2 protein chains.
Amino acid sequence: MTEVQLYDTTLRDGAQKEGISFSVVDKLNVARKLDEVGVHFIEGGWPGSNPKDIEFFSRAKNLSLRNSVLVAFGSTRQPKVRAEADTNLKALADVGVKVVTIVGKSSELQVIKVLETSLEENLNMISDSIRYLRAQGLTVFFDAEHFFDGFRANPDYALRCLEVAAEAGASLLVLCDTNGGSLPTNIVAAIKAVKDKSAVPLGIHAHNDGELAVANTLAAVAAGVSQVQGTINGYGERCGNANLCSIIPDLKLKMGIDCVTDDKLARLTEVSHYVSEVANLVPDVSSPYVGSSAFSHKGGLHVSALTKWSESYQHIDPSRVGNQLRVVVSELSGRGNIIYKARERGLDLPLRGEELKKLLGQIKLLESRGFQYENAEASFELLVHRARPDYQPPFELVDFMVVVEKRRRPPIKENLEEMLSEATVKVRVGTEIMHTAAEGNGPVNALDHALRKALLRFYPNLANVRLVDYKVRILEESIGTESQVRVLIESSDGIHEWRTVGSSTNIIEASWLALADSLEYWLLKQKAGTP
Amino acid sequence: MTEVQLYDTTLRDGAQKEGISFSVVDKLNVARKLDEVGVHFIEGGWPGSNPKDIEFFSRAKNLSLRNSVLVAFGSTRQPKVRAEADTNLKALADVGVKVVTIVGKSSELQVIKVLETSLEENLNMISDSIRYLRAQGLTVFFDAEHFFDGFRANPDYALRCLEVAAEAGASLLVLCDTNGGSLPTNIVAAIKAVKDKSAVPLGIHAHNDGELAVANTLAAVAAGVSQVQGTINGYGERCGNANLCSIIPDLKLKMGIDCVTDDKLARLTEVSHYVSEVANLVPDVSSPYVGSSAFSHKGGLHVSALTKWSESYQHIDPSRVGNQLRVVVSELSGRGNIIYKARERGLDLPLRGEELKKLLGQIKLLESRGFQYENAEASFELLVHRARPDYQPPFELVDFMVVVEKRRRPPIKENLEEMLSEATVKVRVGTEIMHTAAEGNGPVNALDHALRKALLRFYPNLANVRLVDYKVRILEESIGTESQVRVLIESSDGIHEWRTVGSSTNIIEASWLALADSLEYWLLKQKAGTP
């Protein structure tokens, strides 16, 4: 069986997509997720180009990845500069990874018109850079930028670039369709020419400008490349990179290439949604394999056929990729999902018919109001607890008020503005009422401070809980500032992390609900002795 | 040169996409647009399945299409029913078109498990139906449903279905990858087998479940089919149909197959956006060729290369498909991006060294505080205006206050909660101060109401401006509720749309800044006479 390694560049090339701006914490979270789905390499960033990426690599040392190798990206040295004196190469060597990928030009026209140097100097740049990095003990992958365009215009020079890289010690030559305009036939012809000359393992890096990135990648694998580069959800500049969420199942389920285990493949849908959540991009419902419509059927003939034969209108069993069949008109999925999810979390569901029915009804109602429990297991768990008649919440919210003020003190000057955010909250614990107030750096932060202040008297351990992530998603976007707002909060006590959700047309109320759930969940777990 | 005909099924198969529901008028409008872009056939609907489609065909007689032939869709007769007595076939014959497409099964398993009839009866159904329609003087295309899956399981039967259709008088045999799971190699092998047996022209109908619909279609063309079926924007059930917006330029610009004229190709982007407008779906910015990001550039290196050589990072000249190069201003950008962008927007940059330097410095400072101009051209333009010493803003914000309250009125019950959001604002226009207040459905909505209320006295036309989108992004997420918040607002006056940005640790302030920019931008444009 052909061996194919997966190389994810969501964190570097994927971040070039318009609208994506990952923080360091985002990048660490995505790297953790990529490790879980079992990609072989994670390209974490370009330390030579920005300080955020240097911080990422420094903090990534604590990730303890189990499946993936972290890779740093950079470029060949500048023209007319010694490799030893090139700051970009130095940053790569210092960043603390074992594998680096460097990009160099392999197109004659690009060298002349863009790099504005000689063809010979470009070859030296490739060679010197790789030798320098090899001398630091690093494994080096060489990204041959614009390879396919370069090969079409001047095959000899394009091949010479690869040859030089191989001689200098690159372990892998990655053929890049940088502008994304190649056809599968172009890809196959060029790979054949490369393989005729060299036995060094090859990789493919495709872009989707002709809507052919997945096809080009699969054609390259069939032609003998051993590494595929791509991104989760096909994120990337312009029309995106080759989409690993399609390539992985295409390779495994269609071409019989066992690039990830069955268990890992079954997490693909989750990973896709997780990354779009972190990128704060709405998932594309039509995405092959992982989209929420990928196995949905709009009724009529298809649904009737599906009841006769489940394979009649779907190309694979959706559970293979962690997705599910969905019948759009009748919404059959709800009940099964909820029971499944509760069991998954080891919860004793109030299984007697009436209580279960009530819980299902409530989840349906809340979902129609914008709550979503897919990424908020703690809020989901609280709902299950609250469905029990004997549930005693550790505290109850009575009411709150938030004031946000911006005042220009005379004389009116831009720099003399003052922003004030203040919150008052009233909470009940047992029979006691606590009424207090606090300021904050914004209204939600003020609420957070006031709520903790009120509860700390009763639960001093709560000081360990902090919010690590706060996300806002606007639903029904066409309504502008009146839209429904969903807030997702991730909290941590230093050991465990949990996520809660709130939804409202009012962003303050949505935040308040998610905040309160977060603290209630932790107190509940403390009480049960399993935080 | 190979001849390829384009067959659009946006109005039939495309309308199966979740979320699409075309009215008759919508369908007529889309048909007109498809005619303009020059597809050879427009599949208008299934008259036998719903009365709306019968009305469509009746009204379509007045369309006076200049390039396209209108086609009606239906299925083969029911089992054990004479063709003459089949209401679906009768509806097809009566609808007033010259060409019809009928779908029939070509997979043994589908016949047995879903149709629940004999293999022989299915062949009769195909034959009888085609003969009946031919006898009515119609040209008949035969859609061989599940052909590729059927061919893999039982090639003889799949080929026999085609043979029967050809003998009965079908002018074209359309090979359908109904479940969308085939690889290009499957497609090519099956087509080769068909061509060995028959000289009847072939068509290809692909779905995108493996993200290969475009590649499968191109592979089929290379293997000799003469008609491609697809939809605008790849709309369709599950993961969609083959995307004509990619196939048309791939065929013409990459494979040299002249399926539409240059003039018509240059309308592709317009048609794509028009259809998404009618379908009420947000256009995918990353769509190959036609997406607004398809030729956009964010990285400083890429932009600097583009100024040296326009082809360096794009696979075609975007004007060929009616799209354009777009340079995105972002944290990754250099000085080149900003100058390029200002020119693109027809702005007179304060080009004297000192002022330009000051502007660049300010953009850098604001970006470090979380502002991002890549999706907020209007805010960017305001920055350029404000860099001029003589700039007079149409209004000035003095100060504001927002109160959000949640109170439980006694007796304390969940349902008796009240949420109140109220804003007061003070703005200066010329020498006048306006100080007013308003309520809203959440704090930002209240601010929006109050600000408009204050300004309407001076600028009554402002009533035309409304917010169409409001997005929130949390930056530096590790800090939880103290995070920096970026707000992006999209506004419209019914004719133009523009986007503005605000950033602050305080979500209310961030929203306020973006709101104020939106109104200031529009007033400025009004004043200049070019809204």
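The values are calculated or read from the model by the stated rules, or taken from the named source; none is laboratory data. Note that the structure is a prediction, hence the values are computed from the model and not measured. FYI the Cβ positions are ideal-geometry reconstructions off the backbone, even for glycines, and counts take in every protein chain you see. The accessibility values were calculated without ligands, DNA or RNA, using every heavy atom of the protein model including side chains. Shrake-Rupley method; radii C 1.70, N 1.55, O 1.52, S 1.80 Å.
With respect to the conditions (1) open to solvent by 10 Å² or more (accessible area, probe 1.4 Å); (2) in a loop (DSSP other than H, G, I, E, B); (3) more than 10 Å from every other protein chain (Cβ to nearest Cβ); (4) of a type outside the set (S, T, N, Q), residue A:252 falls short on a single one, namely (2). Being among the hydroxyl-bearing types (Ser, Thr, Tyr), free of Cβ contacts under 8 Å to residues at least 60 places away in the same chain and more than 14 Å from chain B (Cβ to nearest Cβ) is a property that holds for residue A:198. Summed over segment B:357-371, residues that are within 14 Å of chain A (Cβ to nearest Cβ) and open to solvent by 10 Å² or more (accessible area, probe 1.4 Å) total 8. Listed here are the helices (runs of 4 or more DSSP H) enclosed by segment A:260-321 that have at least 3 residues being assigned by TED's automatic domain parsing to the domain that holds residue A:490, modelled with pLDDT under 85 and open to solvent by 20 Å² or more (accessible area, probe 1.4 Å), and there are none. The number of residues in segment B:372-391 that are of a type in the set (Asp, Glu) and away from every other protein chain (no Cβ under 14 Å) comes to 2. Within segment B:106-116, the set of residues being open to solvent by 20 Å² or more (accessible area, probe 1.4 Å) and more than 10 Å from every other protein chain (Cβ to nearest Cβ) comprises just one member, B:108.
Scanning segment B:153-168 for residues that are within 38 Å of the chain's Cα centre (by Cα), free of Cβ contacts under 8 Å to residues at least 60 places away in the same chain and under 19 Å from residue B:102 (Cβ atoms) gives B:158, B:159, B:161, B:162, B:166.
Which ones in segment A:174-198 are among the acidic types (Asp, Glu) and open to solvent by 10 Å² or more (accessible area, probe 1.4 Å)? Spell out how you get there, then give the answer.
First, the residues of segment A:174-198 that are among the acidic types (Asp, Glu): A:177, A:196.
The one that is among the acidic types (Asp, Glu) and open to solvent by 10 Å² or more (accessible area, probe 1.4 Å): A:196.
Report yes if residue A:132 is crowded, with 17+ Cβ neighbours inside 10 Å and either touching a strand residue (DSSP E or B) at 6+ places or on another chain (Cβ under 6 Å) or over 20 Å from residue A:84 (Cα atoms) (or both), otherwise no. Answer is no for this residue.
In segment B:478-500, the residues that are more than 18 Å from residue A:474 (Cβ to Cβ) and facing chain A (nearest Cβ under 9 Å) reach residues that are in a loop (DSSP other than H, G, I, E, B) and at pLDDT below 75 with C-beta atoms within less than 9 angstrom, at least six apart or across chains, in these pairs: B:482/B:476. Residues considered: B:381, B:354, B:374. Of these, the only one that is surrounded by 12 or more Cβ atoms within 10 Å (Cβ to Cβ), at pLDDT below 75 and not small (Gly, Ala, Ser) is B:374. Within segment B:209-229, the set of residues being surrounded by 24 or more Cβ atoms within 10 Å (Cβ to Cβ) and on the phi > 0 side of the Ramachandran plot comprises B:211 only. For segment B:434-454, the set of residues classified as among the β-branched types (Val, Ile, Thr) and within 11 Å of chain A (Cβ to nearest Cβ) consists of B:444 only.
Taking helices (runs of 4 or more DSSP H) that do not extend beyond segment B:36-145, which have at least 2 residues that are under 27 Å from the mean Cα position of the chain (by Cα) and in contact (Cβ under 8 Å) with a residue 24 or more places away in the chain? Walk me through it before giving the result.
On the way: elements: B:51-60, B:87-94, B:119-135.
Qualifying helices (runs of 4 or more DSSP H): B:51-60.
Going by the conditions given, is residue A:132 over 23 Å from residue A:48 (Cα atoms) and hydroxyl-bearing (Ser, Thr, Tyr)? No: the conditions fail for residue A:132. Listed here are the strands (runs of 3 or more DSSP E) enclosed by segment B:438-531 that have at least 2 residues being buried (at least 21 other Cβ atoms within 10 Å of the Cβ) and at pLDDT below 80: B:466-474. Residues that are within 14 Å of chain A (Cβ to nearest Cβ) and crowded, with 18+ Cβ neighbours inside 10 Å within segment B:21-43 comprise just one, B:22.
Of the residues screened, residue B:14 is one that is open to solvent by less than 10 Å² (accessible area, probe 1.4 Å), closer than 25 Å to residue B:246 by Cβ and small (Gly, Ala, Ser). Residues satisfying the criterion are absent from segment A:208-230 (criterion: free of Cβ contacts under 8 Å to residues at least 60 places away in the same chain, closer than 30 Å to residue B:284 by Cα and more than 14 Å from every other protein chain (Cβ to nearest Cβ)).
When the residues of segment A:60-89 are filtered to those that are among the hydroxyl-bearing types (Ser, Thr, Tyr) and open to solvent by 30 Å² or more (accessible area, probe 1.4 Å), the one that is nearest to residue A:35 (Cα to Cα) is A:64.
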